[in-house]
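Okay, so here's the structure we're looking at.
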Amino acid sequence: MLFQKGQAIDNRYTVVFPHKEGSYAETYRVRDASGKLRFLKLIYYSKLQYSQFDKDGSIIEMEVAKMLNHPNVCKYVDSGKLIANGQQLAYIVTEFVSGETLDKRIVREDLSVYEIKLVVKSLLSALQYLHTQSTPIIHNEVTIQNLMLDLSGTLENLKLIDFGYARFLNQEPAKPNLKQLNPFYMAPERLNGVSCVQSDLFSVGAILYQLIFDELPWFFDASRMSEQQIVDRLSVERNHPLRMPNIDMFELDEQLLNIINKATQNDTQDRFQTAQEMMDAIEGKVKVEIAKRINDTVKSKEPQKRVKRGNGFADVAGMTELKGQLQSDVIDLLHNPEQAKELGLSIPNGLLFYGPPGCGKTFFAEKFAEETGFNYQYVRGSDVASPYIDGGKGKIASIFNEARQNAPTILFLDEVDSLIRDRSAHNNATTAGAVNEFLTQLNNCGEDGVLVIAATNKPTDIDEAALRAGRLELKYYIPQPDKETRKRMFQIGIGKRNFDFGIDYDILAERTENYVSADISLIIDTAARLAFRRKIGKLTMALLEEAISQTKPSLTLEQIKRHEEIRDKFMGVKKNNERRKIGF
């Protein structure tokens with residue numbers, strides 16, 4: 001922290017307590033000349049992103065702060081600039097609130113549904129004020145960390161704080177930094193740099209879901225993912241229906257669930273259009289009808305016929321050999337079970353997709369489901385996690401029962417190494433119970449019309465019993481794309497946008513050796529941003545080559561080699577032509 005207790009900031013404010021140090025600012029509790037407690041935010045010009053400045057060079061957050069005058073936002077007091085330690089700084093002073101943030105409150109004690117409604121109504125009141133300014137203000141970081149509860153008042157005295165990423169509605173789009181911001185509160189358009197009134201309301205829906213169910217909607221572990229991988233994964237997740245956990249809460253009515261569902265729709269037109277409209281729904285003044293997302297893959301009424309929705313394997317660039325293998329090994333078998341039975345072949349229970357991260361295992365599984373025409377059910381580790389011994393077993397059984405009820409079903413287990421962990425390496429009752437339940441459910445699930453596809457970057461962390469015949473018996477390596485696949489990826493990705501003639505896809509493929517599918521998506525997006533920023537209006541070969549030079553491959557040669565060694569082990573390939581041992 002730049003200033004310590006007792007030091008003066010700009011000779012006007014005395015530090016009472018250094019509060020927090022962030023990515024571009026520091027916050028302090030201070031006293032003004034009259035002795036009143038204030039809240040001061042000290043901003044480093046050098047650490048700000050380009051998008052945090054207005055066209056005239058002013059800091060957007062300071063311009064927004066000067067306009068704030070509402071019971072549910074901290075009122076503006078003062079602002080200024082100074083030089084300290086040779087650095088140019090700016091500061092914003094607001095009223096001081098004696099309290100705690102909402103995230104700290106819910107750690108101490110749960111809120112009732114009644115209290116949750118009070119919190120959300122107060123938040124919506126603040127947003128309605130921001131959104132109805134002469135030039136609407138979009139907060140862009142509505143999270144439980146940015147909601148301050150005034151301990152001297154009631155929940156209605158909640159304050160929406162931290163306008164560091166706020167923007168006026170008429171300003172240029174700005175893509176968020178997902179290393180600094182939480183993507184699970186963000187609306188789909190916000191991930192692409194676009195923000196609007198409905199973007200803030202999506203975040204309110206996410207908060208409402210979190211306060212009720214104690215988890216964020218469509219949550220997954222993104223700690224080791226690149227920004228583009230997070231965006232891609234969220235896009236896939238949010239195409240699936242929002243999971244509403246079964247909880248025993250008598251206060252929870254269908255109206256509240258419908259409000260969450262409507263607020264978190266992918267399309268802005270399907271959400272609440274104003275904060276007041278959402279507030280009226282919370283208060284029960286208007287009835288909200290449930291809006292269900294519909295899976296791309298549906299089941300025909302006649303079991304022997306499948307209805308294919310989506311383009312299936314046609315959307316998967318390259319991988320010709322793998323697609324052909326899956327077609328003959330699995331899909332033809334699924335579509336012709338009687339012929340297979342005559343030859344003594346049974347429907348497989350499970351497949352394992354393994355290989356380096358970012359190579360499209362999740363996307364490939366979804367397209368596989370489209371190709372079969374089966375229903376598609378996505379499962380992640382958090383869906384079955386439980387702090388109680390045997391608590392996860394019931395969830396696992398419920399997931400498989402749901403798949404059987406909707407059969408034929410492709411049941412996709414993402415990051416399966418966290419779901420079926422090696423019991424020899426994790427010797428505890430909770431892990432062993434969950435693994436045993438998975439193994440039991442995997443046995444003969446194919447006979448019930450359920451095909452399990454498991455995906456992992458760490459196949460060696462999976463319990464060996466799950467990899468035996470009759471369970472995840474067929475194993476397919478999903479590698480980094482080869483040259484022809486990379487070429488096709490560029491053609492598909494660029495073909496969806498405005499582009500210049502003369503793009504040489506062969507050169508693009510040559511220059512991206514060892515790049516994975518997520519890297520190629522990032523290259524195309526980077527080139528598009530360059531085109532937008534420079535007002536070119538279309539992708540050009542020069543922009544794409546510039547984007548490649550700015551993008552490093554996600555995988556190192558060492559990582560690729562390690563995954564190939566795992567593949568060789570799974571396929572029984574020996575080093576230096578070593579012969580396989582005979583016997584046991």
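When PHE213, PHE17, PHE368 are compared by accessible area of protein heavy atoms, the largest-first order is PHE17, PHE213, PHE368, using a 1.4 Å probe.
Net charge around VAL107, counting only other residues with Cβ within less than 13 Å of its Cβ (Lys, Arg = +1; Asp, Glu = -1)? Don't jump to the answer; show the numbers that get you there.
On the way: positive: LYS104, ARG105, ARG108; negative: GLU100, ASP103, GLU109, ASP110, ASP214.
Net charge around VAL107: -2.
Can you work out the accessible area per residue across the chain, with the rest of the protein chains kept in place, probe 1.4 Å, in square angstrom? Could the numbers behind the result be given before it?
Details: 28490 Å² over 584 residues.
Per-residue value: 49 Å².
Taking a Cβ cut-off of under 13 Å around CYS196, the surrounding Lys, Arg, Asp and Glu residues balance to a net charge of 0, with basic ones at +1 and acidic ones at -1.
Please report the antiparallel percentage of the DSSP beta bridges confined to the chain, to the nearest 5. Among the beta bridges of the chain, antiparallel pairing accounts for roughly 65 percent. Loop-resident GluC sites (Glu not before Pro) (DSSP state other than H, G, I, E or B) in the stretch 106-187 with no more than 14 further Cβ atoms inside 10 Å of their Cβ: GLU109.
Ranked from largest to smallest solvent-accessible area, with a 1.4 Å probe on the protein heavy atoms, THR101, THR556 come out as THR556, THR101.
Assuming a viscosity of 1.306 mPa s and a temperature of 10 °C, what translational diffusion coefficient in µm² per second does Stokes-Einstein assign to the stretch 1-114, Rh being the Kirkwood radius over Cα pairs?
103 µm²/s
Charge dipole (Cα centre; +1 on Lys/Arg Cβ, -1 on Asp/Glu Cβ; no other charges) of the stretch 4-155 amounts to roughly 300 debye. Pairs LYS287/LYS367; LYS175/LYS287; LYS55/LYS175; LYS175/LYS538: which are spaced more than 26 Å apart, C-alpha to C-alpha? Pairs exceeding 26 Å: LYS287/LYS367; LYS175/LYS287. Computed about its Cα centre, the charge dipole of the chain is approximately 920 debye, with only Lys, Arg, Asp and Glu carrying charge at their Cβ.
Give me the compactness ratio for the stretch 157-296, meaning the Cα radius of gyration over 2.2 N^0.38 Å. Walk me through the numbers before you get to the answer.
Values: Rg = 15.3 Å, N = 140, 2.2 N^0.38 = 14.4 Å.
Ratio of Cα Rg to 2.2 N^0.38 Å: 1.06.
When log10 I(q)/I(0) by the Debye sum over Cα atoms at q = 0.05, 0.07, 0.13 Å⁻¹ is calculated directly from the model, which label among [x] -0.23, -0.45, -1.47; [y] -0.26, -0.52, -1.43; [z] -0.19, -0.37, -1.39 fits? Looking at log10 I(q)/I(0) by the Debye sum over Cα atoms at q = 0.05, 0.07, 0.13 Å⁻¹ for this model, the match is [y].
Restricting the calculation to Cα atoms, the stretch 430-584 yields a radius of gyration followed by a Dmax of 21.5, 68 Å.
Quickly estimate the mean residue ellipticity at 222 nm for the chain, helices only: each DSSP H run with n ≥ 4 gives -39500 (n - 2.57), and the total goes over all residues, rounded to 500. Please list the in-between numbers first.
On the way: 19 runs with 201 residues, N = 584.
Here the helix-only value at 222 nm equals -10500 deg cm²/dmol.
Can you give me the % of accessible surface on the chain that is carbon or sulfur? Probe 1.4 Å, all protein chains present, nothing else counted. The value for the chain is 48 percent carbon and sulfur by accessible area.
Starting from the stretch 173-247, pick out the trypsin sites (Lys or Arg not before Pro) whose DSSP state is loop and whose Cβ has at most 12 other Cβ atoms within 10 Å. Could you put the intermediate results ahead of the total?
Numbers: sites: LYS179, ARG190, ARG224, ARG233, ARG238, ARG243; in loops: LYS179, ARG224, ARG238, ARG243.
In loop regions of the stretch 173-247 (DSSP not H, G, I, E or B), the sparsely surrounded trypsin sites (Lys or Arg not before Pro) are LYS179, ARG224.
Across all Cα pairs in the stretch 458-501, the calculated P(r) in 10 Å bins from zero up to the longest distance comes to 20, 29, 18, 21, 10, 2 percent per bin. Partners of LYS81 within straight-line reach, counting aspartates and glutamates whose Cα lies under 13 Å from its Cα and excluding those fewer than 8 residues away in the same chain: ASP10.
Can you give the local net charge around ASP519? Use residues other than it whose beta-carbon is closer than 10 angstrom to its beta-carbon, Lys and Arg +1, Asp and Glu -1. Mind showing how you got there, number by number?
Details: positive: ARG486, LYS552; negative: none.
With Lys, Arg at +1 and Asp, Glu at -1, the neighbours total +2.
Cα convex hull of the stretch 497-547: how many Å³ per residue?
Working: hull volume 3.4 nm³, N = 51.
Here the figure is 67 Å³ per residue.
Using a 10 Å cut-off on Cβ atoms, rank the peptides 194-202, 557-565 from the highest mean neighbour count down. Don't skip to the end; give the middle numbers.
Values: 194-202: 22.2, 557-565: 13.9.
Top of the packing list down: 194-202, 557-565.
Pairs of lysines in the stretch 438-535 whose Cα atoms sit within less than 28 Å of one another amount to 9, provided the residues are eight or more positions apart or on different chains.
The values are calculated or read from the model by the stated rules, or taken from the named source; none is laboratory data. Here the structure is a predicted model, which is why all the values come from computation and not from measurement. Because the Cβ atoms are built from the backbone with ideal geometry, glycine has one as well, and the counts that use them run over all protein chains shown. What goes into the accessible areas is simple: the full protein's heavy atoms, side chains included, and nothing from ligands, DNA or RNA. Shrake-Rupley method; radii C 1.70, N 1.55, O 1.52, S 1.80 Å.
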